[in-house]
Amino acid sequence: MTHTAKRLLMVSPMVMAFALGLFLYQGIGQDPNNTESSLIGQTLPEFSGQTLDSPSRNVSQADMLGQPALVNVWATWCPTCRAEHEFLNTIAQQDNVRIFGVNYHDQKDAAQQWLQDLGNPYVFSVFDPNGALGIELGVVGAPETYLIDAQGVVLDKLTGELNERTWPQLRSQYLSLLEAKN
Amino acid sequence: MLKSITVSLLLGFMSWASPLLQADVGSYEFAEPEMAQRFVDLTTVLRCPKCQNQNLADSDSIIAKDLRGQLQMLIKTGQTDRQITDFMVQRYGEFILYDPPFNKGTLVLWLAPFGMVLLGLWALWFFGRKTTGQGAMLTPKEQQQIEQLLADNQTQHRDLKND
C-alpha cells in the first residue's frame, strides 16, 4: 500500500464520522411535527359540504377561489384554536385577510355558539364532523392553516398556533400574492 | 430500588395497555377474512401522522381513527394495497410509511447503517494494528545509545544511594 492510500484510509473514516455527526446534530431541536405538507404546490382537493351556519348552503373548493386566502382548520375542543382565535379576528378585520374555516370533528351547536361568543373571522366555515375533508387536506390535527392563492394552489401550511410570531412568514407571501394580483 | 419500581410500573402499564390498544382494530368488520388480514397488515405498516411513533393500529388519536375508517372503506371498495398507500402518501407524505422508499430524501437514512458498519470495521483495523512498525525498530547505533543511557542512569542511582 502506498503512503497516500494508507493516509486516505486513516483519514476518510474520521471525515465520514464527522459528517454524520454534523448531519445528526442539525436534527437536534427540530420539531418532528413540522413535516412539510404534501399538498404544497397542489390545488385544493375537490370537496362539497355544508357550511356551519346553514345546512342548506352547499359549498365547494370553487367558493374559496378568486383571491388569495387562508384556510384555517379549527374545533371547539382544541385549546390552541381558542388561543389563536382573537388573532384571526384581528387579521380578518384590520388587514382584511380572507379566511375560510374548516370546522373539524366538532358539534354544530357548540361551534356556532363559539363563533357567536368569540367573533367570526371566517368568510364561511365548512362543517366537517367526521374529518372527511380533513383527510383530503392531509390534516393531522387542529389548528392548521393553509395559504392558498387565487387559483386555490396551496403555497404554505402552518401547523399549530397562528399568532404574532408565526404570522409574518405567511403574511409576506400573502401580501406578495395580493400585489401580483393587482 | 427506584429502578425496580420503575420497571415494574412500566411492565404493569404495558400489560394493561396493549390489549386495550389492539382492541379497536378487531372491531372493524369485513366480509372476507382476506380483507381483514390486509386491514391488519396495512394498519401495521402505516404510521399515525399525529403521534409519530405509533402505527395506525396502535393509536387512539382522532386522525388514526379517521384513517382506519378510510382504510376500511378503501379495502371494501376493492382498492389494491398499492393504491391505498399511494392515497395515503398523496395526503400525508412519505412520512406515513414505516418502510420508506429509497430516494433523495431518505438516502442518509438507508445508507447510514452501512456507513456505520464500515466505520466500525475501520476502527477495528485502526486500533487493532500491531504497533511494531518501522518506528519501533532501532538501528544498532540507537540500541547502543539506549544501553549507554540505562547504564549511566544506574550508576547515578547507585551514587545517590551511597551519599
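The values are calculated or read from the model by the stated rules, or taken from the named source; none is laboratory data. As the structure is a computational prediction, the values presented were derived from the model and not from experiment. Neighbour counts are summed over all protein chains in view; Cβ atoms, including those assigned to glycine, are modelled from backbone coordinates with ideal geometry.
Tabulated data
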{"quantity": "Selection within segment A:127-172 - β-branched (Val, Ile, Thr), surrounded by fewer than 22 Cβ atoms within 10 Å (Cβ to Cβ) and more than 14 Å from chain B (Cβ to nearest Cβ)", "calculated": "A:Val153, A:Thr166"}
{"quantity": "Selection count, segment A:97-120, where residues are in a loop (DSSP other than H, G, I, E, B), in contact with a Gly (Cβ under 8 Å, 6 or more places away or on another chain) and within 23 Å of A:Tyr174 (Cβ to Cβ)", "calculated": "0"}
{"quantity": "Inter-residue pairs, beta-carbon under 7 Å, first of a type in the set (Gly, Ala, Ser) and in segment B:102-121, second surrounded by 11 or more Cβ atoms within 10 Å (Cβ to Cβ), 6+ apart", "calculated": "B:Ala112/A:Leu20; B:Gly115/A:Met16; B:Gly115/A:Leu20"}
{"quantity": "Of residues in segment B:97-137 being touching a Pro at 6+ places or on another chain (Cβ under 9 Å) and away from chain A (no Cβ under 11 Å), the one modelled with the highest pLDDT", "calculated": "B:Trp110"}
{"quantity": "Qualifying residue in segment B:68-78 (condition: exposed (fewer than 15 other Cβ atoms within 10 Å of the Cβ), at pLDDT 90 or above and not in a helix (DSSP H, G or I))", "calculated": "yes"}
{"quantity": "Hits in segment A:135-182 (condition: touching a Ser or Thr at 6+ places or on another chain (Cβ under 7 Å) and over 24 Å from B:Tyr92 (Cα atoms))", "calculated": "none"}
{"quantity": "Scan of segment A:69-125 for residues that are more than 14 Å from every other protein chain (Cβ to nearest Cβ), surrounded by fewer than 18 Cβ atoms within 10 Å (Cβ to Cβ) and β-branched (Val, Ile, Thr), ordered by number", "calculated": "A:Thr90, A:Val123"}
{"quantity": "Qualifying residues in segment A:2-51 (those that are in contact (Cβ under 8 Å) with a residue 60 or more places away in the chain and outside any loop (DSSP other than H, G, I, E, B)) - the one nearest to the other protein chains (Cβ to nearest Cβ)", "calculated": "A:Thr43"}
{"quantity": "Meets criteria (more than 24 Å from the chain's Cα centre (by Cα), away from chain A (no Cβ under 14 Å) and of a type in the set (D, E, K, R)) for B:Arg82", "calculated": "yes"}
{"quantity": "Residue in segment A:11-18 that is farther than 30 Å from A:Ser125 by Cα, surrounded by fewer than 12 Cβ atoms within 10 Å (Cβ to Cβ), not assigned by TED's automatic domain parsing to the domain that holds A:Thr159 and not aromatic (Phe, Trp, Tyr) present", "calculated": "yes"}
{"quantity": "Positions within segment A:19-37 being surrounded by 15 or more Cβ atoms within 10 Å (Cβ to Cβ) and at pLDDT below 80, in sequence order", "calculated": "A:Thr35, A:Ser37"}
